[in-house]
There are 2 protein chains.
Amino acid sequence: MDPEEFRRAGYAVVDWIADYWTTLGQRPVTSQDPPGAVVAALPAGPTERGEPVEAVLADLDSVIAPRLTHWQHPGFFGYFPANTSGPSVLGDLVSAGLGVQGMLWATGPACTELETVTLDWLAGLLDLPERFRSTGRGGGVIQDSASSATLVATLAALHRASRGRWRVDGIDRRYRAYTSTQGHSSIEKAARIAGLGADGVRAVEVDPRTQAMRPEALRTAIEADRAAGVTPVIVVATIGTTSTTAVDPLPEIGAICAEYGVWLHVDAAYAGAAAVCPELRWSHAGLERADSYCFDPHKWLLTGFDCDAFWVADRGELIEALTVMPEFLRNAATESGAVLDYRDWQVPLGRRFRALKLWFVLRWYGVEGLRAHIRTGVALADRFAERIEADDRFELAAAHPFSLVCFRLRAGDEPSAELLRRVNDTGRVHLTHTRVEGRYTLRLAVGSPLTTEKHVDEAWDLLSAAAEDLLTG
Amino acid sequence: MDPEEFRRAGYAVVDWIADYWTTLGQRPVTSQDPPGAVVAALPAGPTERGEPVEAVLADLDSVIAPRLTHWQHPGFFGYFPANTSGPSVLGDLVSAGLGVQGMLWATGPACTELETVTLDWLAGLLDLPERFRSTGRGGGVIQDSASSATLVATLAALHRASRGRWRVDGIDRRYRAYTSTQGHSSIEKAARIAGLGADGVRAVEVDPRTQAMRPEALRTAIEADRAAGVTPVIVVATIGTTSTTAVDPLPEIGAICAEYGVWLHVDAAYAGAAAVCPELRWSHAGLERADSYCFDPHKWLLTGFDCDAFWVADRGELIEALTVMPEFLRNAATESGAVLDYRDWQVPLGRRFRALKLWFVLRWYGVEGLRAHIRTGVALADRFAERIEADDRFELAAAHPFSLVCFRLRAGDEPSAELLRRVNDTGRVHLTHTRVEGRYTLRLAVGSPLTTEKHVDEAWDLLSAAAEDLLTG
């Protein structure tokens with residue numbers, strides 16, 4: 001495809017996306033087709049001779065788009081948001097067109113340096129502790145996801161806890177990671193990948209009222225393990241748990257980690273974005289004791305997946321843990337010690353130029369634009385929560401400090417689960433569920449830049465009507 | 001940014017890329033600026049109010065583009081190629097615009113099914129063994145890179161070798177991975193991440209003539225380890241090593257793995273693409289005994305980074321090794337058992353819709369277009385190798401079955417290293433280096449769709465002239 005063919009086809013694809021966004025609200029949020037519909041609609045292999053882009057776009061319309069879950073839909077309230085935005089898509093498009101593979105500074109100097117700059121910008125925007133800035137011993141890097149951030153934090157923690165022996169000896173004794181019972185499943189997965197096994201993770205109990213980790217329970221667990229000859233390696237605390245957006249008490253947890261010399265990683269995958277607003281920075285109090293921290297601009301900060309922003313207080317530890325230097329990667333810049341090679345901050349070797357989409361977003365929205373987006377989400381969640389509180393059939397299941405509202409029918413688990421099925425079956429909205437202290441709970445998470453009061457009110461109207469049918473039917 | 005603003009700005013970015021590709025050959029392949037130039041040119045943070053896209057594109061031109069290594073440049077001959085193409089960029093653009101996060105089938109049915117379909121198409125295109133097709137017990141998935149493919153293969157192998165205990169107990173005894181001395185550095189990194197440590201990897205010697213693994217040395221290593229109470233877990237064989245594109249003897253290695261019950265993973269990251277051409281499939285002989293296999297369409301098959309295609313013969317083992325099921329991910333489709341949830345095939349939870357770019361590439365080029373691309377690369381490498389062979393100052397350092405030529409000056413290591421510096425300093429080409437049996441060796445890897453005979457001849461002319469200066473100066 002020569003550049004002029006690309007230009008023509010590129011306009012057509014840009015048009016396709018603009019039209020998709022314009023009409024998105026009219027589509028069902030999810031597909032109702034059974035498994036296998038896409039497989040059945042496609043041929044057994046590619047054609048011998050190539051086909052024009054128009055043919056592919058036609059199949060995109062007829063085969064693919066109708067069988068998607070539309071994450072950017074204004075009625076998508078499931079999981080946590082995975083928002084994108086126009087500037088993010090454009091930054092990603094530039095990245096795809098450049099096709100730079102920035103594994104080393106030398107293989108993409110601007111790819112590396114723009115990442116350093118945008119992560120320092122983000123650290124300033126969230127008012128993160130100075131120790132995470134690249135101007136000192138710390139620094140930030142883009143990971144694909146918070147799962148991978150937790151994994152590399154666990155590996156760096158193993159490197160530290162073993163005094164560097166882990167790199168050579170591997171797992172040669174019992175190590176343990178700690179998180180609350182509400183910690184994300186990726187913490188168990190990271191521990192499994194790192195060789196600790198499920199038995200290597202201690203789920204620390206939470207305060208049933210707040211769903212936040214109980215520091216005294218953490219201390220008890222660490223002390224019991226130490227007495228049993230197990231080495232505590234890492235504590236993963238959460239700002240904004242997946243289930244209910246609970247905030248673990250970082251000041252107390254940080255003090256315990258410091259006392260026992262345990263790595264503290266803070267997972268703020270969703271709620272970290274809230275810290276762009278000064279009035280929501282209470283959630284990050286105590287972060288100055290963390291060894292590492294991450295949040296996902298791809299969740300609630302208008303940057304398309306994948307973009308997890310991960311910082312460490314001591315980049316040297318992370319690099320030592322992960323570096324391998326074969327001959328083919330040796331180069332003068334690396335040997336000068338004057339550059340960062342981000343391949344040493346992550347699991348894979350290769351890297352896309354993901355800082356571009358972040359740069360486009362930060363510049364196009366500006367500080368005020370990003371704050372406005374977060375404040376809109378919080379206000380819409382508040383608006384929805386007021387409806388729940390004002391209706392005797394419903395109850396809130398947890399506090400809603402950010403843009404997630406957890407609620408249920410007072411009538412119990414089965415009616416609540418049936419309510420979720422019914423509103424999702426309308427195709428107008430998509431919500432997901434959790435369990436809070438064992439009780440079935442619906443989650444409504446706001447985050448799309450397309451979502452307005454109208455969409456939140458429609459969600460409420462659908463829920464209220466379905467509850468009426470359900471409870472009287 | 002509303003859809004109409006996106007449309008206008010989108011056209012501008014498409015134009016930017018088309019113009020970049022048109023003028024790419026006139027740019028220096030690499031930047032000559034010192035570290036810090038980009039950091040110094042950018043402000044300390046984003047502005048309070050947003051900026052227009054034009055301002056960002058202006059900085060892209062003045063600050064970013066001049067400080068890149070241009071991987072798509074027709075004179076880029078470094079590492080292995082990381083090619084992209086127009087159709088790949090367009091597929092990726094659609095993916096960015098849809099913003100679908102396909103962690104589960106339910107969160108993007110078409111995202112999951114198109115991935116299954118395109119990986120089955122690729123398996124057909126490369127004539128991979130039937131056991132890797134999703135229609136049986138196997139199946140393919142897109143990983144970010146071959147590094148991650150090796151890691152998940154290692155984890156599945158640990159699951160098997162421990163009879164499922166590894167998931168719970170973690171690493172509780174000594175395990176070992178095997179690869180040749182020419183295996184990629186990511187194999188050591190995967191073993192380190194998995195908790196085996198550097199001591200957990202045995203580098204098996206190669207035949208000095210072919211640089212391919214010696215099967216009898218593998219057998220000796222496995223037997224010695226078993227006798228010492230160490231459990232052999234995985235053998236990583238390579239089709240097309242990074243240094244010289246050596247091909248390990250799979251039939252013999254596969255027989256040894258079968259005999260000792262060791263997982264065989266085959267890393268064909270670069271050279272796998274060659275198998276789209278029937279005349280190059282000799283390189284894949286013996287693959288039917290592999291438990292897993294990967295290659296990177298993002299290297300030599302015109303698909304932008306990241307796109308590693310990874311197959312397993314028994315997907316059940318992989319899924320059991322990696323699955324974690326928290327409440328918030330439970331859904332009817334998963335519980336029906338009728339769908340694939342690709343989150344269980346990889347390290348991270350979230351996933352982009354990467355099958356789209358692969359689908360665009362496969363359809364736009366067609367089978368014949370892809371074969372023509374590979375054949376062009378092989379022919380250009382042959383052409384360059386003929387120049388080397390015809391010149392007494394130079395010698396080939398290894399066979400060149402694919403599109404990489406390894407060569408050096410007969411005058412020795414220091415002149416060869418100086419030659420590389422001089423030709424790279426011209427800015428017209430970019431080559432990298434390796435060591436073969438300890439001797440400094442230059443590598444010229446062809447892969448860009450923009451590279452023609454003219455560019456390969458220019459590379460030769462630059463090398464020849466620099467050698468002249470160097471040897472007589």
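No value in this document is a laboratory result; all are computed from the given coordinates. A quick note: this is a predicted structure, and the numbers were derived from the prediction, not measured. Here Cβ is always computed from backbone atoms with ideal geometry, including for glycine, and neighbour counts include all displayed protein chains.
Given the alpha-carbon gyration tensor of chain B, what are the semi-axes of its equivalent ellipsoid in whole angstrom, ordered largest first, with each equal to the square root of 5 times an eigenvalue?
Its equivalent ellipsoid spans semi-axes of 36, 33, 20 Å.
Determine the sum of side-chain charges near A:Phe353: Lys and Arg each +1, Asp and Glu each -1, restricted to other residues whose C-beta is under 10 angstrom from that of A:Phe353.
Neighbour charge sum, excluding A:Phe353 itself: +2.
How well do other chains shield peptide A:18-29, expressed as the mean number of their Cβ atoms within 10 Å of each residue Cβ?
Whole-number average of other-chain Cβ neighbours for A:18-29 is 3.
For each of A:His184, B:His455, count neighbouring Cβ atoms within 10 Å of the residue's Cβ, then give the residues from fewest to most.
On the way: A:His184 24, B:His455 21.
Least to most surrounded, the residues fall as B:His455, A:His184.
For a quick protection proxy, order the peptides B:353-363, A:11-21 by their average other-Cβ count within 10 Å, most packed first.
Values: B:353-363: 28.3, A:11-21: 18.9.
Ranking the peptides B:353-363, A:11-21 by packing returns B:353-363, A:11-21.
Along Cα→Cβ at 7 Å, what distances in nm separate the B:Ala379 label point from those on the other copies, shortest first?
Copy-to-copy label distances for B:Ala379: 6.4 nm.
Could you sort B:279-292, A:161-174, A:38-51, B:103-116 so that the peptide with the highest average Cβ count within 10 Å comes first and the rest follow in order?
Most protected by this proxy first, the peptides run B:103-116, B:279-292, A:161-174, A:38-51.
Taking H as built 1.01 Å from N, whose amide H comes closer than 5 Å to the amide H of A:Tyr175, not counting residues under 5 places away?
Amide H neighbours of A:Tyr175: A:Thr231.
Pairs of alpha-carbon atoms within less than 8 angstrom and 6+ residues apart define the contacts here; what relative contact order does chain B have, in percent?
Rounded, it is 21 percent for chain B.
In what order do B:His298, B:His70 fall by count of nearby beta-carbon atoms within 10 Å, going from fewest to most?
Values: B:His298 33, B:His70 23.
In increasing order of surrounding Cβ atoms, one gets B:His70, B:His298.
When the helix-only estimate is applied to chain A (DSSP H runs of n ≥ 4, each -39,500 (n - 2.57), divided by the residue count), what is the mean residue ellipticity at 222 nm, nearest 500 deg cm²/dmol?
After summing the helix terms and dividing by residue count, I get -13500 deg cm²/dmol.
Measuring from centroid to centroid over Cα atoms, what is the spacing of segment B:167-182 and segment A:330-393 in Å?
36
Taking K and R as +1 and D and E as -1, what net charge do the other residues with C-beta under 10 Å from the C-beta of A:Trp460 add up to?
Working: positive: A:Arg383, A:Arg387; negative: A:Glu386, A:Asp391, A:Asp457, A:Glu458, A:Asp461.
Result for the local shell: -3.
If you count, for every residue in A:140-148, the Cβ atoms of partner chains within 10 Å of its Cβ, what is the mean? Intermediate results must be reported in sequence, preceding the final value.
On the way: counts 0, 0, 0, 1, 10, 7, 3, 7, 6.
Counting other chains' Cβ atoms within 10 Å and averaging over A:140-148 gives 4.
Can you tell me what percent of all Cα-Cα pairs in segment B:100-352 are more than 35 Å apart?
Summing the P(r) of segment B:100-352 above 35 Å gives 12 percent of all pairs.
Given contacts defined as C-alpha pairs under 8 Å and at least six residues apart, what's the relative contact order of segment A:36-149, whole-number percent?
11
7 Å along Cα→Cβ for the label point: how many nanometres lie between B:Thr426 and each equivalent label in the other copies, listed shortest first?
6.9
Going through the cross-link list A:Lys299/B:Lys189; B:Lys299/B:Lys357; A:Lys357/B:Lys357, which pairs have a Cα-Cα distance over 23 Å in this structure?
Check vs 23 Å cut-off fails for A:Lys299/B:Lys189.
Ordered shortest first, which distances in nm separate the 7 Å Cα→C-beta label point of A:Glu5 from those of the other copies?
Nearest to farthest, the other copies are at 3.5 nm.
Where along chain A is the Cβ that lies nearest the axis linking it to chain B, and how many Å separate them?
Residue nearest the A-to-B axis, with distance in whole Å: A:Gly195, 1.
Cα extents of the protein assembly as shown along the three principal axes, largest first, in whole Å?
Principal extents (largest minus smallest coordinate, Cα): 91, 64, 54 Å.
Which whole number gives the average, over all residues in B:325-337, of C-beta atoms from other chains lying within 10 Å of the residue C-beta? Show your work: numbers first, answer last.
Numbers: counts 1, 10, 10, 12, 4, 4, 2, 1, 2, 0, 0, 2, 1.
Per-residue shielding by partner chains comes out at 4.
Give me the net charge of B:Thr231's neighbourhood, meaning all other residues with Cβ under 9 Å from the Cβ of B:Thr231; Lys, Arg count +1, Asp, Glu -1.
+3
If contacts are Cα pairs under 8 angstrom and at least 6 residues apart, what is the relative contact order of segment A:196-291 in percent?
It comes to 25 percent, rounded to a whole number.
Sorted by packing (mean other beta-carbon atoms within 10 Å per residue), highest first, where do A:212-219, A:192-199, A:230-237, B:130-137 land? The partial results should precede the final answer.
Numbers: A:212-219: 20.9, A:192-199: 23.4, A:230-237: 25.8, B:130-137: 16.8.
In decreasing order of mean packing, A:212-219, A:192-199, A:230-237, B:130-137 become A:230-237, A:192-199, A:212-219, B:130-137.
What list of ³J(HN,Hα) values in whole Hz, one per residue of segment B:430-443 in order, does the Karplus curve 6.51 cos²θ - 1.76 cosθ + 1.60 (θ = phi - 60°) give from phi, with Gly and Pro shown as x?
Ordered by residue, 3J(HN,Hα) equals 9, 10, 10, 9, 8, 10, 10, 6, x, 9, 4, 9, 8, 10 Hz.
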